[in-house]
1. Give me the percent of DSSP beta bridges within the range 1-117 that run antiparallel, rounded to the nearest 5.
2. Do the sum for the chain: with -39,500 (n - 2.57) for every DSSP H run of n ≥ 4, divided by all residues, what is the mean residue ellipticity at 222 nm, to the nearest 500 deg cm²/dmol?
3. For the chain, what is the accessible area per residue in Å² when the probe is 1.4 Å?
4. Taking the Cα centre of the chain as origin, work out the dipole magnitude from +1 charges on Lys and Arg Cβ and -1 charges on Asp and Glu Cβ, in debye rounded to 20.
5. Report the number of Lys pairs in the range 1-46 whose alpha-carbons are under 24 Å apart, with separation of 8 or more residues or on distinct chains.
6. Taking 8 Å as the Cα distance limit and 6 or more residues as the minimum spacing, I'd like the relative contact order of the chain as a percentage.
7. Beyond 19 Å, what share of the Cα-Cα pairs of the range 37-118 remains, rounded to the nearest whole percent?
8. Please compute the modelled spin-label separation between Trp61 and Ile81, points set 7 Å along Cα→Cβ, answer in nm with one decimal.
Amino acid sequence: MILIAHRGNTNGKQPDKENTVAYIQEALNKGYNCEIDICKWDGKTFHLGHDEPQEAVSLDWLRSRPLWCHAKTYNALEAMIALGVHCFYHDQDKYTLTSQGWVWAYPGELGGKYTIAVHPEKLSADQVEKFAGVCSDYIENFKEKL
């Protein structure tokens, strides 16, 4: 099962640390993939951030790690697709596809072997087992269950 740390969180929300390079790297060093928010592309650099730019990152940084980049703007989405970064965009859609063909499920939605459960705490253990992976602020809880 693919284990994805939501914004770098592994054991609960840490709003002051989320979407920062250092925090994301901590989760990656623990062996997790990470879902990160990309809110801006300025033509040279991408910027981490949910609502506003927080920290600049390079294209090489995005490509060289197991990241699931959530584009927060069309500008960021278009650039990431054009440059081959694993990304997706969604708002409140029940499901969306990532640029690598994974199904990204809205919290509480059911899924299967090609689907990532977002905030799977809302699902039963039997339902979670059917997914290819999970994305959670509490991803360490899922590692313990495997």
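1. So the antiparallel bridges in the range 1-117 amount to around 40 percent.
2. Result for the chain: -5500 deg cm²/dmol, rounded to the nearest 500.
3. Heavy-atom SASA per residue in the chain reads 52 Å².
4. Roughly 360 debye, rounded to the nearest 20.
5. Details: Lys13/Lys30; Lys13/Lys40; Lys17/Lys30; Lys17/Lys40.
Lysine pairs, 8 or more places apart or on different chains, close enough: 4.
6. Values: 314 pairs, mean separation 35.0, N = 146.
Value for the chain: 24 percent.
7. Taking all Cα-Cα pairs of the range 37-118, the fraction more than 19 Å apart is 35 percent.
8. Inter-label distance under the simple model: 2.5 nm.
The values are calculated or read from the model by the stated rules, or taken from the named source; none is laboratory data. None of these values were measured; they are calculated from a predicted model. FYI the Cβ positions are ideal-geometry reconstructions off the backbone, even for glycines, and counts take in every protein chain you see. Heavy atoms of the whole protein, side chains included, go into the accessibility calculation; ligands, DNA and RNA do not. Shrake-Rupley method; radii C 1.70, N 1.55, O 1.52, S 1.80 Å.
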